[in-house]
Amino acid sequence: MSVSITALTTDKTFSNWVTTTNELITFADNAVTLDTNNTGNITLTGNFSLQNTGNVLTTNNISPVSGGKVTFAGQVEASDTITLNKSSGEAILQFQLADSDTFSIKTTASQTALRIGNSTHHITIAGSDGDITASGRIDNAMLPVNVSLSGTLATNSTATFPTVDINGGAIDGVTLGTNSAVTSAVITTADINGGTIDGTAIGGSTAAAGSFTTIAASSNATVGGNLTVTGTITGDVTGTSSVASSLNQAALTQVFNAIYPVDSLYYTISSEDPATTFGGSWSRYGQGRAIVGYDDGLSISSISANGTTTTVTTSVDHFFARGDRVNFSGFSGGNGDATITSITSSTTFVADRTSTATDGGSSRKIKLASADVVNVTSGRNSITQSISEMPSHTHVHTVKTGRSFSSSTGSAPVVQGSTSTVRDDADETTSSTGGGVAMSVQNRSVIVHIWKRDTLAS
């Protein structure tokens, strides 16, 4: 060890120099102890200060002997950079407790990465703009609020995000819109534990209330609470359904209202008012009368008229009978009722019609005159024929030979063989017969209760 004293000069008096020198020797003797080989310890009982700018304390090695140590009782402060420099191998700054390596800041052996932590939990920062990796969990408080990634975020575990905002990019190769909904995406499985989708809260294992434009279920759908549908449910139901047995009265009422709207008819052999079962109000309909279907008419394929004789051919079987009253329509003239006088075939008949009009083309129709107005009653159960309702006919009166009749005109009897037929100019009548009892025209029938719905159930 060497000590250079440059502050002493010879311009001092000898007595002053001796005094100063003795004080310096006394101070040095208290501060420094050296052996004959210039080795040993420097013991400071006070502060060691480098007062002047540029003063440097240089040492090749501070290494305590076996069992020794360098102890700093206070803080180690530096206004400049403290550099741990080692030509090769690890450069390590260790922090120990009870002689146990608990924490360290060190480089790798090749000094290409810096690791902060212990052997179990640490962060490694690779050199030359390399990756930052971690062993163990990073507390949420250490992470930034916003993270911007220019590379790839990879995880081997589960990542949970309260809100995810994806502006552009792609998921599994599917392009996402910047400010609009996903263009198209196919997601095999999505596990969302908490958070929201479009502002709708999602539960840990059960979705909370939400508004969905479209719901597509390829498997079973189970509703534990009430299912309220304000729109229309469409689709086909295959298999079995137990809906009917689980509908409440309000649902059944809506079903019955749909099945039997106002003005619909309900047939039953029970005399009970259907309001008891279906609700609303009902009234009896068609009492004592048969039900006849409304006749919309048959299309006329061809028609010819010769005076009052009109021959008609229909597009399908007409099912009319001789004597039926029919109605013609679709002509420029000659529309109205007529009577069928004879049946030619299942598609052709002759009618007594005063008009000779045959125009109208495809608009021409013919239908039963008594079945073309809804809710009109007609017909009767039995009739007593009048003379006009009987078919036209004659009676021949035959007189045996030897019988004579007075003749106001003097006409002689006409003899035909052994029988004479005498006709007088006056009317001749036969004896009357018959009781005038009405004959039944009622079809075979069965009586049922018919009800018409007047109002719906509420």
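Each value in this text was obtained by applying a stated rule to the coordinates, not by laboratory testing. Values in this document were obtained by computation on a predicted structure and should not be read as measured data. Neighbour counts are summed over all protein chains in view; Cβ atoms, including those assigned to glycine, are modelled from backbone coordinates with ideal geometry.
Where Lys and Arg each count +1 and Asp and Glu each count -1, what net charge lies around S110 among other residues with Cβ under 13 Å from its Cβ?
On the way: positive: K86, K106, R115; negative: E90.
Once positives and negatives cancel, what remains is +2.
When V164, V145, V255 are arranged by Cβ crowding within 10 Å, least crowded first, meaning fewest neighbours, the order is V145, V164, V255. Neighbour counts of C-beta atoms inside 10 Å place I300, I387, I259 in the sequence I387, I259, I300, starting with the fewest. Full extension of the chain between F95 and N156 gives 18.7 nm of extra length, using 0.36 nm per residue less the Cα-Cα distance. 3J(HN,Hα) along segment 282-294, derived from phi through the Karplus expression 6.51 cos²θ - 1.76 cosθ + 1.60 where θ = phi - 60°, amounts to 9, 9, 5, 9, x, 5, x, 10, 7, 8, 10, x, 5 Hz, with x in place of Gly and Pro. Exposure proxy ranking for S157, S332, based on other Cβ atoms within 10 angstrom of each Cβ and starting from the fewest, stands as S157, S332. Tell me, Kirkwood radius of segment 84-136 from alpha-carbon pair distances, in Å? Over segment 84-136, the inverse of the mean reciprocal pair distance is 11.7 Å. Here is the list for segment 251-355: trypsin sites (Lys or Arg not before Pro) lying in DSSP coil, each with at most 16 other C-beta atoms within 10 angstrom of its C-beta, are R289, R322. Here is the size of segment 298-376 from its Cα atoms: Rg then Dmax, 11.4, 36 Å.
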